[in-house]
Amino acid sequence: MTVFTDPNHHYLITTHLSHPKKFNLSPHFDISCGLPCKNYIKILQNDVNDLSYRHFFIYIYTQFLSVSPMNRFLKWTIITLSIVALGLFVYAYFFEDIFSKRLSPKDIVKFELNDTKLEVLYNRPYKKNREIFGALVPFDQVWRTGANEATTFITNKDLMIEGKRMPKGEYTLWTIPHDTAWNVIFNTKQYPWGVDEQMRAMREPQFDLINIIQPVKSIEKPVEQFTIAFDNTTDELKMTLVWDLTKIEVPMEIIATQPQ
């Protein structure tokens, strides 16, 4: 239903489906009055035969049009802020708690060389005196390679990874830790989260583009927070995964001749 007045405020006009109605307003009614106007609202009885219409008009004028412009502005401001607050609450409850600090903070690691740009978007859990690989992160099971959302790898150039070509694009990064080596997997599908309701990795193998095995390297000093980085110090680009006493290196080569 649409409700409006003519420019001179002589009529109240409504449209309801295919039945428009026009009602005379009392000449005593002033739509711009700043005081409550309900005592001045008179919709001619002969023009309104539908009781529901009468109640609707009276409600509209007494609850909205009968207040001053300033009060009307405040009312709409309160309504708008209430809707925004409700939206934030629903998002925080069902998707992400935006009001508290994440236990595994989000991070983005970037690598740029000339016009090549690589990015990894991931979440970084902490060790917190826990045993990590083979315990918190089980061996021989798919890991989302971080926490919360699935880890995302983005490249704007075609790459070669252990003899396998990766076209430029966006991928999800998964791993399968083993005692002495890891499977490192680049998957073409994007997922809404890293695990399902049963805490199983959401990765679907049929969308794997690259699945390589890389040896585990032990480091002397434990790393408290899971870290993904790019290393190009020897002009041999590598993506590294490091946590606790474990390090995995993934060699990457930027293909010289890129497709047009």
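Every number here is computed from the coordinates shown, using simple stated rules; none is lab data. Given the structure is predicted, the values throughout are model-derived calculations rather than measurements. Positions of Cβ are generated from backbone atoms using ideal geometry, with glycine treated the same way; all protein chains shown enter the neighbour counts.
Where the only charges are on Cβ atoms (+1 Lys, Arg; -1 Asp, Glu), what is the dipole of the stretch 106-254 about its Cα centre, to the nearest 20 debye?
240
Within 10 Å of each residue's Cβ, count the other Cβ atoms and sort R165, R124, R203 from fewest upward.
Ordered from fewest to most neighbouring Cβ atoms within 10 Å, R165, R124, R203 come out as R165, R124, R203.
Just rank E204, E253, fewest to most, by other beta-carbon atoms within 10 angstrom.
By the 10 Å Cβ count, ascending, the order reads E204, E253.
Strictly over 19 Å apart at the Cα level, which of K117/K247; K168/K189; K157/K217; K127/K221; K117/K238 would you flag in this model?
Listed pairs above 19 Å: K117/K247; K157/K217.
Among M199, M252, which comes first, then next, by fewest other beta-carbon atoms within 10 Å?
M199, M252
Scan around A181 for amide H atoms under 5 Å from its own, H built in the peptide plane at 1.01 Å from N, and keep only partners 5 or more places away or cross-chain.
Excluding prolines and chain starts, which carry no amide H, the hits are V216.
Collect residues whose amide H, placed 1.01 Å from N in the peptide plane, falls under 5 Å from the amide H of I210; neighbours closer than 5 in sequence don't count.
Distant-sequence amide H within range of I210: F186.
Using only the alpha carbon atoms of the stretch 106-254, find the Kirkwood hydrodynamic radius as the inverse mean reciprocal pair distance, in angstroms to one decimal.
Kirkwood radius, the stretch 106-254: 15.6 Å.
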